[in-house]
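> Pasting in a structure now, in structure tokens, and then I'll have a few things to ask.
The values are calculated or read from the model by the stated rules, or taken from the named source; none is laboratory data. A quick note: this is a predicted structure, and the numbers were derived from the prediction, not measured. Virtual Cβ from ideal backbone geometry, glycine too; neighbours counted across all protein chains shown.
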Protein chains: 2
Amino acid sequence: MRIIVDLMGGDHAPSELMRGVMEAAGKVNASFILVGNVDEMRRIAAEHEYDLRRFDLVHTTDVVTMRDEPLAVMKQKREASMFKGLQLLADGEGDAFVSTGNTGALFIGATLIVRKIRGVQRAAIGAVLPAAAPLILLDTGANVVVSEENLEQFAVMGSAYIRRIYGIEAPAVGLLNNGIEDQKGTPLQVKANADLRACPLISYVGNVEASAAPFGVCNVLVTDGFTGNVFLKTMEGTGKYILRAFKKVFTENYRSKLSALLVRGSLAEMKRTFDVSEYGGSPFLGISKPVVKAHGASDAHAFANAIRAAAEYAESGVILDIADEIGRYTAFQKSQREGGGENDG
Amino acid sequence: MRIIVDLMGGDHAPSELMRGVMEAAGKVNASFILVGNVDEMRRIAAEHEYDLRRFDLVHTTDVVTMRDEPLAVMKQKREASMFKGLQLLADGEGDAFVSTGNTGALFIGATLIVRKIRGVQRAAIGAVLPAAAPLILLDTGANVVVSEENLEQFAVMGSAYIRRIYGIEAPAVGLLNNGIEDQKGTPLQVKANADLRACPLISYVGNVEASAAPFGVCNVLVTDGFTGNVFLKTMEGTGKYILRAFKKVFTENYRSKLSALLVRGSLAEMKRTFDVSEYGGSPFLGISKPVVKAHGASDAHAFANAIRAAAEYAESGVILDIADEIGRYTAFQKSQREGGGENDG
């Protein structure tokens, strides 16, 4: 297992990310290719007494920033660490790639350099969420406008992911909507709800409201990238807001500080549960090799978790499963069209 | 001040709602018209020793259910408590109307029976959210598809609301988007962001990400009703999920129970802060008289809060402000069209 790591981009590159690599190297059975400014890597390594001989280093000084326009930057900065790393992955030099960089650029780079799985119309960015049952939300930002067929493919890919990674034989699929009734949503949701119900490759449970999502009603929640992004960031913002309020409660006086001491372990565990960074980065589903986006604000520990998630993604065989399932989906769609099935209407 | 109250619909009608009316009657300086099954009201009043002589009672046995299709039900069940209440409001029999019933039906009823303010293209359902600064989100579900002009009007109406109710002279307006950069979002958000920036009637701060919304970056957050509904319900679900996890922490053993005792007061206050029901119902903005939707799951206390919010809405004069501002907006739009202004492009 060889993992390619982008050490540039994000809020804390490169020293915090290098610390994350060191943490991951102690936990994940893999070798690493580090892409970035090698002079800086050596400086940081000397400062912290990291042993760089264990790693392959690939030098570049070019970096994709958060302000770069995704499509334009691919032409302008092909030497940037992100695109160099994706090229190494495409060339078979490594088994997975992790980056904290500009999500849009990473997604377009993954699609154009590493390429999609055959039959996949649009790849999607998944996010595994804190919930009472395993739950992946997709898309969370790559495709702000989608078709109902895109949503069906997201459902198929998300089901393959949950089945393989969590061992759930028939993952429950829901469509994110503003109510559970069949007429709810925009015309897209109305049509997608009917199509998902007719799809034999998934276990569809119907429309799911955002308020029900954390409570185990489904394992795969599909939506367009705009809505998915709002969902994910609302969860992040609400969690942060509530945890801050709790922190204030526990530090306001002597009694409350004592109270916090009594449940310190449980509180730390809770904080981890709702810390987005614990969730190990977002897998891109539908790309032919494992690409994982780590949160731009990742600290060392969060980045190490993203690396671990990338290793798991590569080892699991989920990409082969997705290829199989998308093959089945394509055949199903073809039979529907030829047979004048109900999806033709 | 006379408040018309729908005692049917919702999850806990009518006894829990009557308890809410009794709570509100002790706090709000108003008289009440109660619409519902008067036989049941008398039975419940006898059981709980409520004095009904203080109230005007309007009898009906017909009720709009959550499963009724909003537009169809208005024709089929014109005698339902919700529509009867709206008719009383339209006829000037009361100054505000509160209902826990089917949101879609209430919204269509308000639009067709009470009618919109002149110049308002689409009314919107607002939600005042827990945040570091006063914050109203609109639309939260009435209009799943909107135009950029609708969003501008939501911004104008939300600003009038915050200005009047919270005394903030120039409320900061944000557009809910999946990133802060100008090119973010679907074509709707790209256009709306430019239009909002060019609108002289509001203080526009730009695109706002859902994760930043609770931290005081804006006072008015505008979006389509589909996305707004997902935002609101994600907040609700995340809050409930986290508070349950905390509850578990505090009840797992002797030490943690002791810990909870030490901060009991603060915890209760926190729970109230994040309890959607504390937020007193959702005002409909753009309707010519005050209509407030209380959460379907409202208990007595939540319903009393919604009644109080309705009284405040009626007393504040915010509807006159909205009428003024929408008048200015219409004049601005006209001048832009005639003058070949930048909004024409």
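> Residues to consider are A:E93, A:E79, A:E69; find the one that is in contact with an Asp or Glu (Cβ under 8 Å, 6 or more places away or on another chain) and surrounded by fewer than 18 Cβ atoms within 10 Å (Cβ to Cβ). Working first, answer last.
Details: A:E93 fails: in contact with an Asp or Glu (Cβ under 8 Å, 6 or more places away or on another chain); A:E69 fails: in contact with an Asp or Glu (Cβ under 8 Å, 6 or more places away or on another chain).
Just one listed residue meets the conditions, A:E79.
> Let me ask something else. Report the residue count in region A:101-117 for those that are assigned to a loop (DSSP other than H, G, I, E, B) and either in contact with a helix residue (DSSP H, G or I) (Cβ under 6 Å, 6 or more places away or on another chain) or not assigned by TED's automatic domain parsing to the domain that holds A:D62 (or both).
Summing the residues that are assigned to a loop (DSSP other than H, G, I, E, B) and either in contact with a helix residue (DSSP H, G or I) (Cβ under 6 Å, 6 or more places away or on another chain) or not assigned by TED's automatic domain parsing to the domain that holds A:D62 (or both) in region A:101-117 gives 2.
> Can you tell me which of A:G20, A:G94 is assigned to a loop (DSSP other than H, G, I, E, B) and assigned by TED's automatic domain parsing to the domain that holds A:K293? Don't jump to the end; show me each part of the working.
On the way: A:G20 fails: assigned to a loop (DSSP other than H, G, I, E, B).
It is A:G94.
> Any idea how many residues of region B:252-266 are more than 7 Å from every other protein chain (Cβ to nearest Cβ), under 18 Å from A:A268 (Cβ atoms) and in a helix (DSSP H, G or I)?
Residues meeting the conditions: 1.
> Which residues, counting only those in region B:187-229, are aromatic (F, W, Y) and within 27 Å of B:G104 (Cα to Cα)?
Across region B:187-229, the qualifying residue is only B:F226.
> Against the condition within 8 Å of another protein chain (Cβ to nearest Cβ) and either over 22 Å from A:F284 (Cα atoms) or modelled with pLDDT of 95 or more (or both), how does A:A210 come out, does it pass?
Working: within 8 Å of another protein chain (Cβ to nearest Cβ): yes; either over 22 Å from A:F284 (Cα atoms) or modelled with pLDDT of 95 or more (or both): yes.
Yes: the conditions hold for A:A210.
> Follow-up question, since we're still on this one. Looking only at residues that are surrounded by fewer than 23 Cβ atoms within 10 Å (Cβ to Cβ) and of a type in the set (A, V, I, L, M, F, W, C) in region A:168-195, which one is farthest from the other protein chains (Cβ to nearest Cβ)?
For region A:168-195, the residue satisfying everything is A:A170.
> Residue by residue through region B:222-245, note down the ones that are among the hydrophobic types (A, V, I, L, M, F, W, C) and either under 27 Å from B:M157 (Cβ atoms) or at the interface with chain A (Cβ under 7 Å from one of its Cβ atoms) (or both). Steps first, please.
Of region B:222-245, the ones among the hydrophobic types (A, V, I, L, M, F, W, C) are B:222, B:226, B:230-232, B:235, B:242-243, B:245.
Listed by number, the residues that qualify are B:V222, B:F226, B:V230, B:F231, B:L232, B:M235, B:I242, B:A245.
To keep it simple, each residue is scored yes or no on (1) within 21 Å of A:H12 (Cα to Cα); (2) more than 14 Å from every other protein chain (Cβ to nearest Cβ).
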| position | (1), (2) |
| --- | --- |
| A:M82 | yes, yes |
| A:G85 | yes, yes |
| A:D91 | no, yes |
| A:G94 | no, yes |
| A:V98 | yes, yes |
| A:T103 | yes, no |
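> Please state which of the following conditions B:N219 fails to meet, knowing it meets all the rest: (1) more than 20 Å from B:Q121 (Cα to Cα); (2) crowded, with 24+ Cβ neighbours inside 10 Å; (3) within 9 Å of chain A (Cβ to nearest Cβ).
Here B:N219 clears every test but (3).
> Here's a follow-up. For region A:156-170, give me the residue count where each residue is under 15 Å from the mean Cα position of the chain (by Cα), farther than 12 Å from A:R122 by Cβ and at pLDDT 95 or above. Write out each step before concluding.
Of the residues in region A:156-170, the ones under 15 Å from the mean Cα position of the chain (by Cα) are A:157-162, A:165.
After this cut, where a residue has to be farther than 12 Å from A:R122 by Cβ as well, the list is A:158-162, A:165.
Now restrict to residues that are at pLDDT 95 or above: A:158-162.
Qualifying residue count, region A:156-170: 5.
> How many of the residues in region A:122-149 are away from chain B (no Cβ under 14 Å) and surrounded by fewer than 24 Cβ atoms within 10 Å (Cβ to Cβ)?
5
> Which of the residues belonging to region A:118-166 are assigned to a strand (DSSP E or B) and more than 19 Å from A:Y204 (Cβ to Cβ)? Steps first, please.
To start, the set of residues in region A:118-166 that are assigned to a strand (DSSP E or B) comprises A:124-125, A:127-128, A:136-138.
Answer for region A:118-166, where residues must be assigned to a strand (DSSP E or B) and more than 19 Å from A:Y204 (Cβ to Cβ): A:I125, A:A127, A:V128.
> Further question: Which condition number in (1) out of contact with any Lys or Arg (no Cβ under 6 Å at 6 or more places or on another chain); (2) buried (at least 18 other Cβ atoms within 10 Å of the Cβ); (3) touching a residue at least 40 places away in the same chain (Cβ under 8 Å); (4) more than 7 Å from chain B (Cβ to nearest Cβ) is the one that A:S203 fails?
(2) is the only condition that A:S203 fails.
> Okay, moving on. Specify the residue that is modelled with the highest pLDDT; the eligible residues are those in region A:262-277 that are within 22 Å of A:E16 (Cα to Cα) and not hydroxyl-bearing (S, T, Y). First the steps, then the outcome.
Of the residues in region A:262-277, the ones within 22 Å of A:E16 (Cα to Cα) are A:268, A:271-277.
Retained after the next criterion (residues that are not hydroxyl-bearing (S, T, Y)): A:268, A:271-272, A:274-276.
Details: A:A268: 76, A:K271: 73, A:R272: 71, A:F274: 66, A:D275: 65, A:V276: 58.
Looking at residues that are within 22 Å of A:E16 (Cα to Cα) and not hydroxyl-bearing (S, T, Y), I get A:A268.
> Of the numbered conditions (1) in contact with a Lys or Arg (Cβ under 6 Å, 6 or more places away or on another chain); (2) at pLDDT below 95, A:V35 fails exactly one; give the number of that condition.
Unmet condition: (2).
> So which of B:T251, B:T238 is buried (at least 22 other Cβ atoms within 10 Å of the Cβ) and either at pLDDT 80 or above or farther than 30 Å from A:Q183 by Cβ (or both)? Write out each step before concluding.
Working: B:T251 fails: buried (at least 22 other Cβ atoms within 10 Å of the Cβ).
B:T238 is the lone residue from the list that is buried (at least 22 other Cβ atoms within 10 Å of the Cβ) and either at pLDDT 80 or above or farther than 30 Å from A:Q183 by Cβ (or both).
> So, of the residues in region B:2-20 that are more than 15 Å from B:A80 (Cβ to Cβ) and acidic (D, E), which turns out to be surrounded by the most Cβ atoms within 10 Å (Cβ to Cβ)?
B:E16
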